[in-house]
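Below is one structure, written out as structure tokens, with a few remarks after it.
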Amino acid sequence: MPEVKTAQDEDIDSRDMRLIAEGDREAFTDLVERWQNRLINFFYRSTGNRADAEDLAQDTLIELYRVAPRYQARGTFNAFLFTLARRRMIDSFRRKARRPLEYIDPTDSAMQQQAEESDQTREIEEAFHRALGTLPDNHRHAILMLQQQGLSYEEIAQALDASLSAVKTWIHRARTQLRQELKDFA
């Protein structure tokens, strides 16, 4: 039987979700301030594009606002939020797959190349993003939730709707593949 939380042991995020459902806009502002940067970082690691990451984070927060009246604190808020985030990312990938062509501004590319030439750190970061891109989605999501968001294996399993052993396997394989891809930078 799921544990029912009382108002006394309600965590701050669950309390804010309850207040949002009651119409408290300040509670939503607090929640956004607490989670926005983590969401942007999560999406940036998956997309490699800051604007897309910000858009996806905003979409996730809007969805969070919409589901507030139905929210029930069954697991951790962290796992709940990153389940929503993962769904937004999947929807985004599906939309992009349906687009015939994407416009690329040549000045963006030229400015990016100049920055890369002068900064070794940027090169390593890009290699890391490329290496992340080679991972299967479930491996990438699991390793990012563990390393970037600090979720436990159990929370990741809940967010990805997978077994604990599957999550452990995915993270192990992701680490192994990332080490292999980035061995030249060690």
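The values are calculated or read from the model by the stated rules, or taken from the named source; none is laboratory data. Predicted model only: the values in this text are computed from it and were never measured. Cβ: placed from backbone, ideal geometry, glycine included. Neighbour counts: every protein chain shown. We work out accessible area using only protein heavy atoms, side chains counted, and drop any ligands, DNA or RNA first. Shrake-Rupley method; radii C 1.70, N 1.55, O 1.52, S 1.80 Å.
Details
- Whole-Å distance, taken between Cα centres, linking the stretch 37-51 and the stretch 129-186: 16 Å
- Projected label distance in nm at R74 and A166, using a 7 Å step from Cα toward the beta-carbon: 1.6 nm
- The length gained by stretching the chain between H129 and Q180 to full extension, at 0.36 nm per residue less their Cα-Cα distance, is 17.0 nm.
- By a 1.4 Å probe calculation restricted to protein chains, E33 has an accessible surface near 130 Å², given to the nearest 10.
- Segment N49-I62, length gained on full extension (0.36 nm per residue, minus Cα span): 2.7 nm
- Whole-Hz ³J(HN,Hα) from phi, Karplus 6.51 cos²θ - 1.76 cosθ + 1.60, for the stretch 137-142, glycine and proline x: 3, 5, 5, 4, 4, 5
- Rounded to the nearest 10 Å², the accessible area of D91 at probe 1.4 Å: 50 Å²
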